[in-house]
Amino acid sequence: MATDSKAGSTTLPTTIVLAGSTGSLGLLIAYHLRQRGATVRALVRPSSSASAEAESLRLQGAEVVETDYSSVADLTQACQGADCVVSALSGLRQVIVDAQTRLLNAAVAAGVPRFIPSDYSADFTRLPEGSNRNFDLRREFQQRLDQAPIQATSIFNGMFMDLFTGQAPLIQPAIRRIVYWGSADQPLESTTMVDTAAYTAAAALDPTTPRYLRIAGDITTVRDLQVIASEVMGQPFKLLRVGGLGVLETMIKVTKTLMPAENEVFPPWQGMQYMHNMLSGQVSLPTLDNDRYPDLHWTKVQDVLPKRG
């Protein structure tokens, strides 16, 4: 039985079709859906059916379904009887626009009432076109989704907080600096991948979700990060302002010219574009829907940084 965490009522079992189920986020969404009692139909490509990730899904109790993402008929069959399709697909045009469009068409053909696209990111609806290649692809799919006869809900979570300890260049423990461009007082929304997955699972089982849901596990400025990193790591951090946002724009152009890597999902210049979007304040979330599911708990930045030795 699935539980409506908002109302606290018990409902009939809910079937969720999950695309992109073998990715990091997809696996987490599947776990939290199962924790809430949902029936999970995890779509996997035939080449991934025997993978460790697919076996993990089976062990969690998910139904693993081999699916040809190039076939609307195959996808339609996989979507039959589902209450919601959740996409956690990751990729470029062939995936975010083309494969998701086929998945959308299949969901509509199968009569699935709801669709959650792979939009887990900053609020790209507030950005001008051309600001971020990956966001532009999601915006293109969004236009198709909004024209389809299906209830759609996008979840915006700022940036993944996990990146503070890896790919995001802001916190640099080796030199004990917080590296940034623009203003040190610009609020930055971030949410861990685990918290994003838990929220997505709750939303997938909630038939009353609006078109957009916006969440942030924590909101911190660069100055906040300086204080937090100093306290958690036990060493004083200083601020290092590389320059204004114009300097970052120039760095993006130069990096894209020297290392275009156009077939990579996250080449260096793409990450720099994302950082520019965040530091510009253009994607700041006007309101938050964190309280929609009161049983969820939110991880803070200090919880993901490596502790002092």
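What follows is calculated from the coordinates using simple rules that are stated; it is not laboratory data. No experiment lies behind these values; they were computed from the predicted model shown. Reconstructed Cβ throughout: ideal geometry from the backbone, glycine too, with neighbour counts over all protein chains shown.
Annotations for the structure displayed:
- Centre-to-centre separation between the Cα atoms of the stretch 59-111 and those of the stretch 227-282: 34 Å.
- Here the peptides 223-236, 32-45 are ranked by packing, the mean other Cβ count within 10 Å, and the order with the highest first is 32-45, 223-236.
- Net charge dipole size for the chain [Lys, Arg +1 and Asp, Glu -1 on Cβ; Debye, nearest 20]: 600
- Computed from phi, the 3J(HN,Hα) profile of the stretch 226-234 under the Karplus parametrisation 6.51, -1.76, 1.60 (θ = phi - 60°) reads 4, 5, 4, 4, 5, 6, 6, 8, x Hz, with x in place of Gly and Pro.
- Solvent-free Debye scattering, log10 I(q)/I(0), computed from the Cα coordinates of the stretch 159-219 at q = 0.23, 0.24, 0.29 Å⁻¹: -1.00, -1.05, -1.26
- In this structure, the amide hydrogen of V44, modeled 1.01 Å from its nitrogen in the peptide plane, lies closer than 5 angstrom to those of V65, E66, T67, counting only residues at least 5 positions away or on a different chain.
- Projecting the Cα atoms of Q77, A54, G91 onto the charge dipole of the stretch 37-101 (Cβ charges, centred on the Cα centre) puts G91 farthest toward the positive pole.
- 5 angstrom amide H check on A88, placed H, neighbours 5+ away: A19, G20
- Using Cβ point charges alone (K and R +1, D and E -1), the dipole size of the stretch 66-142 about the Cα centre works out to roughly 200 debye.
- In order through the stretch 288-298: 3J(HN,Hα) via Karplus (6.51 cos²θ - 1.76 cosθ + 1.60), integer Hz, x for Gly, Pro: 10, 10, 4, 7, 4, 10, x, 7, 7, 10, 10
- Integer Hz, Karplus 6.51/-1.76/1.60 couplings in order for the stretch 247-262, x for Gly and Pro: 5, 5, 4, 5, 4, 5, 4, 5, 5, 5, 6, 6, 9, x, 6, 5
- Antiparallel content of DSSP bridges confined to the chain, in %, to 5: 25
- A simple charge model with +1 on the Cβ of Lys and Arg, -1 on the Cβ of Asp and Glu and nothing else charged puts the dipole of the stretch 20-81 at about 260 debye relative to its Cα centre.
- Under the combined filter of DSSP loop state and at most 15 neighbouring Cβ atoms within 10 Å, the stretch 116-193 retains these GluC sites (Glu not before Pro): E129.
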